[in-house]
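The next block holds one structure in the form of structure tokens; read it before the comments.
The values are calculated or read from the model by the stated rules, or taken from the named source; none is laboratory data. Computed from a prediction, not measured in an experiment: that's the story for all the values here. Please note: Cβ atoms are built from the backbone with ideal geometry, for glycine as well, and neighbour counts cover all protein chains shown. Ligands, DNA and RNA are stripped out before the accessible areas are found, and what is left, the full protein with its side chains, is counted by its heavy atoms. Shrake-Rupley method; radii C 1.70, N 1.55, O 1.52, S 1.80 Å.
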Amino acid sequence: MRTQVGIVGAGPAGLMLSHLLHLRGIESVVLESRSRDHVEHRVRAGVLEQGSVDLLCRTGLGGRLRREGLRHEGIELRFAGESYRVPMTELTGRAITVYGQQEVVKDLIAARIAAGGSILFEADVVRLDNLDSDSPVVHFRRDGHEEKLHCDFVAGCDGFHGVSRGAVPEGVLTTYERTYPFAWLGVLAAAAPAVEELVYAHHDRGFALHSMRSPEVSRLYLQVAPDEDIGTWPDERIWAELRTRLETVPGWSLNEGPVLEKSITPMRSFVVEPMRWERLFLAGDAVHIVPPTGAKGMNLALADVALLGDAFAAWYGRGCPDLLESYSAKALRRVWRAQHFSWWMTSMLHRLERNDPYETKLQTATLRYVATSRAYATSLAENYVGLPEI
Ligand code: APR
Ligand code: PHB
């Protein structure tokens, strides 16, 4: 099998790259270890920055997004019995759209298939070879047989646990990492959201977030211990804890309903540099992870491949290597801005490990500063809606 760009992973990064390449007349094959059904139903993040929405709409993927996506012009912060709305659109002119990652994935898969694109599901990439030549080979296993995909370039879009990053020789990559002493327990519930905008709550018992997926479905999160056993969280305990942490505003109460899905996600910050080695280009979660507090994961994945799409277009269209050469440095500027913002939001809003009273006072002071300073609120808002150029 042969193609121009071999893409490992059918998450937002790999699928979007394949779509962008197709629009530029460049061939690709996407290899995905899981089934189509699995990737289309995996519950993940749900906030699109303005730039991500623009990218999806510009490339013909705006139909369902415009109909079903929920445009939000602010977020709410709750802390110390107070509540404050960050008026994002008023401060920045931009907004976010709540639209589940798996919906983006479904739309991308549908578009690729409609265009005759090649996505091989249940094709597990086991090894990348010849990356330092002009004919790399992707080895994958499908139906119990090992097969080969020959290509000009490989895009490693296979997430944190993928194989691509590991194909880079030792000593080339530098890793920057931080783990946090907590995780998020996420719940999808058949309950009408009790809020119109997302609520980020800082509470003595830990952070809580009220998000949503539609007018009928709420998405809720609770800070828990990193080694928490989901078995110790029956639905009733989850609702009680959410009520405690979110019902801190007089007269406001949570809507409850059947829990459709629940899972625990560890929190980590992680960056690998550079994002390229020879003919391997890494994108998305394969090279950087952010804690979800800033809602940046999916947006970074899309921003990476937007750069890669332009870079491959310049290479195949004009034989110009400049954008491929500058890809890593350019992408990393956005990555590090998002790293800082995600770390900052996380540190401001969670119950910290030692529950140190001094640190807790600093958190409240920071939240109050956001609530009272237009300059500080604007800084939060412009990061949250996404900076166009970095
Ligand atoms: N062979 C083929 N596919 C693989 C392999 C492999 N060896 N290893 C992993 N994959 C697939 C995974 O099954 C997954 O579908 O790569 C895909 C990677 O997709 P994502 O994890 O969604 O990563 P990415 O496209 O970078 O999107 C980042 O996902 O986790 C969220 O918060 C994160 O929103 C962010 C987004
Ligand atoms: C979500 O809706 O899943 C969501 C929203 C905001 C976040 C993280 C996750 O910061």
Exercise for the section: Report yes if some residue within region 209-226 is assigned to a loop (DSSP other than H, G, I, E, B) and farther than 21 Å from residue 74 by Cα; otherwise report no. Expected result: yes
Handout entry: Among residues of region 22-45, those that are open to solvent by less than 60 Å² (accessible area, probe 1.4 Å) and modelled with pLDDT of 95 or more, counted
Key = 10
Practice task
Those residues that are away from ligand 1 (no atom under 12 Å from the Cβ) and either among the aromatic types (Phe, Trp, Tyr) or open to solvent by 10 Å² or more (accessible area, probe 1.4 Å) (or both), I need them from region 1-19; list them, please.
Solution key: 1, 2, 4, 19
Completion exercise
Flagged in region 46-65 as surrounded by 15 or more Cβ atoms within 10 Å (Cβ to Cβ) and assigned to a loop (DSSP other than H, G, I, E, B), in numbering order, are 46, 49, 59, 61, 62
Practice task
Tell me which residues, restricted to region 120-142, are among the hydrophobic types (A, V, I, L, M, F, W, C) and touching a Lys or Arg at 6+ places or on another chain (Cβ under 6 Å).
Solution key: 121, 123, 126, 131, 137
Fill in the blank from the handout: Residue pairs within 7 Å by beta carbon, gap of at least six or interchain, first lying in region 137-150 and open to solvent by 10 Å² or more (accessible area, probe 1.4 Å), second modelled with pLDDT of 95 or more and of a type in the set (Ser, Thr, Tyr), listed first then second, are 150/135
Exercise for the section: Keeping to region 334-390, report how many residues are within 13 Å of residue 290 (Cα to Cα) and either open to solvent by 70 Å² or more (accessible area, probe 1.4 Å) or away from ligand 2 (no atom under 16 Å from the Cβ) (or both). Expected result: 6
Problem - Residue that is nearest to the chain's Cα centre (by Cα) [pool: residues in region 152-175 that are surrounded by 13 or more Cβ atoms within 10 Å (Cβ to Cβ) and more than 16 Å from ligand 1 (Cβ to nearest atom)] - result: 173
Handout entry: Exclusive hit being touching a residue at least 40 places away in the same chain (Cβ under 8 Å) and within 28 Å of residue 186 (Cβ to Cβ), set 39, 29, 5
Key = 39
Exercise for the section: Could you please give the count of residues in region 280-333 that are under 15 Å from the mean Cα position of the chain (by Cα), away from ligand 2 (no atom under 16 Å from the Cβ) and open to solvent by 20 Å² or more (accessible area, probe 1.4 Å)? Expected result: 2
Exercise for the section: Could you grab the pairs with beta carbons closer than 7 Å, sequence gap of 6+ or different chains, first residue in region 250-278 and at pLDDT below 95, second one surrounded by fewer than 17 Cβ atoms within 10 Å (Cβ to Cβ)? Expected result: 266/226
Exercise for the section: Scan 8, 86 and give me the residue that is away from ligand 2 (no atom under 16 Å from the Cβ) and at pLDDT 95 or above. Expected result: 8
Handout entry: Members of region 197-243 that are surrounded by 12 or more Cβ atoms within 10 Å (Cβ to Cβ) and among the hydroxyl-bearing types (Ser, Thr, Tyr)
Key = 200, 211, 214, 218, 221
